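Taking it in order: structure first as structure tokens, then the write-up.
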Amino acid sequence: MRRPERLPRVVTGRPIGRSPITTRRPRRPRRRVFTTASFCACTLDFTRISGSGLNGIPASAAGGPVVAGPDRYSGTSGNLGIALGGIVAPNLALYGAFFASIVDRADVSEGGISLGQSAGTAGIFALGAGVAYYIQPSNFYVSGTLAGVQFELSNANGDPVYDSKFGLGFQGMAGKEWWVSPEWGLGIAGQFIAASMKDKNNSDVTWTATSFSLVFSATYN
């Protein structure tokens with residue numbers, strides 16, 4: 001008796017010995033290049049210190065010079081910062097940075113008395129270097145920048161009224177970023193800026209600048 005022919009074996013489903021197909025999570029970028037930009041509308045305050053006194057009025061016992069004119073300019077400013085650097089260790093970046101903060105039509109006062117608004121702009125411009133550290137996996141970060149900072153006050157025609165030599169400034173930030181693509185992160189942070197600069201034309205005069213702000217940032221890796 002003839003045996004029936006053996007039918008070819010048909011295998012359906014996944015191959016034996018292989019794991020089922022899974023959905024891969026998007027791979028987080030391996031940080032090598034650090035590039036970030038920040039912008040905000042923030043408060044900025046400039047104070048002129050004459051001699052050993054504050055607000056243009058020196059302590060009588062110190063004998064410092066009295067400099068005529070307004071001694072404080074403040075208001076809401078536009079702030080822009082750019083940093084470019086690289087990752088030197090896990091979650092640690094070193095970078096070079098530029099930042100500027102400018103007030104248009106600043107509130108003007110002298111000796112605590114309001115004098116209205118200026119017709120021009122007051123601002124600082126800074127160039128320096130800093131370090132940023134990211135806390136994983138939350139992607140919180142802190143950064144600090146030391147910079148050379150210059151102050152300039154201009155009239156309505158853009159001509160300098162006061163300007164300073166380069167002084168020392170500090171920019172500190174603390175915030176959080178969220179990845180929106182494998183290369184881009186968007187974030188929000190608190191920022192503090194402080195600087196001290198000697199007047200360019202009068203070495204007895206020192207200008208100080210302080211700023212507190214909430215900034216938005218974009219980082220590309």
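The values are calculated or read from the model by the stated rules, or taken from the named source; none is laboratory data. Given the structure is predicted, the values throughout are model-derived calculations rather than measurements. When we count neighbours, we look across all protein chains shown, and the Cβ atoms used for this are built from the backbone with ideal geometry, even at glycine.
What to note about this one:
- Every condition in (1) among the hydroxyl-bearing types (Ser, Thr, Tyr); (2) in contact (Cβ under 8 Å) with a residue 40 or more places away in the chain; (3) surrounded by fewer than 19 Cβ atoms within 10 Å (Cβ to Cβ); (4) within 30 Å of residue 117 (Cβ to Cβ) is met by residue 220 except one, and the failing one is (4).
- Some residue of the stretch 76-85 being at pLDDT 95 or above and assigned to a strand (DSSP E or B): no
- Within the stretch 144-158, being among the polar types (S, T, N, Q) and within 20 Å of residue 127 (Cα to Cα) holds for 145, 150.
- Among the numbered conditions (1) surrounded by fewer than 16 Cβ atoms within 10 Å (Cβ to Cβ); (2) touching a residue at least 40 places away in the same chain (Cβ under 8 Å); (3) touching a Leu at 6+ places or on another chain (Cβ under 6 Å), the only one that residue 131 does not meet is (2).
- Within the stretch 163-183, being touching a strand residue (DSSP E or B) at 6+ places or on another chain (Cβ under 7 Å), in contact (Cβ under 8 Å) with a residue 40 or more places away in the chain and either over 21 Å from residue 103 (Cβ atoms) or surrounded by fewer than 14 Cβ atoms within 10 Å (Cβ to Cβ) (or both) holds for 175, 177, 179, 183.
For every residue, the table says whether it meets (1) free of Cβ contacts under 8 Å to residues at least 40 places away in the same chain; (2) more than 21 Å from residue 77 (Cα to Cα); (3) aromatic (Phe, Trp, Tyr).
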position: 110; (1), (2), (3): no, no, no
position: 113; (1), (2), (3): yes, yes, no
position: 185; (1), (2), (3): no, yes, no
position: 209; (1), (2), (3): no, no, no
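- Failed criterion for residue 142 (all others in (1) over 18 Å from residue 77 (Cβ atoms); (2) β-branched (Val, Ile, Thr); (3) in contact (Cβ under 8 Å) with a residue 40 or more places away in the chain; (4) surrounded by fewer than 19 Cβ atoms within 10 Å (Cβ to Cβ) hold): (3)
- Applying the set (1) over 18 Å from residue 196 (Cα atoms); (2) crowded, with 16+ Cβ neighbours inside 10 Å to residue 156 leaves exactly one unmet item: (2).
- When the stretch 111-141 is filtered for residues that are β-branched (Val, Ile, Thr) and within 30 Å of residue 179 (Cα to Cα), the ones remaining, listed by number, are 131, 135.
- Unique match (being assigned to a strand (DSSP E or B), at pLDDT below 95, of a type in the set (Ser, Thr, Tyr) and surrounded by fewer than 16 Cβ atoms within 10 Å (Cβ to Cβ)) among 210, 206: 210
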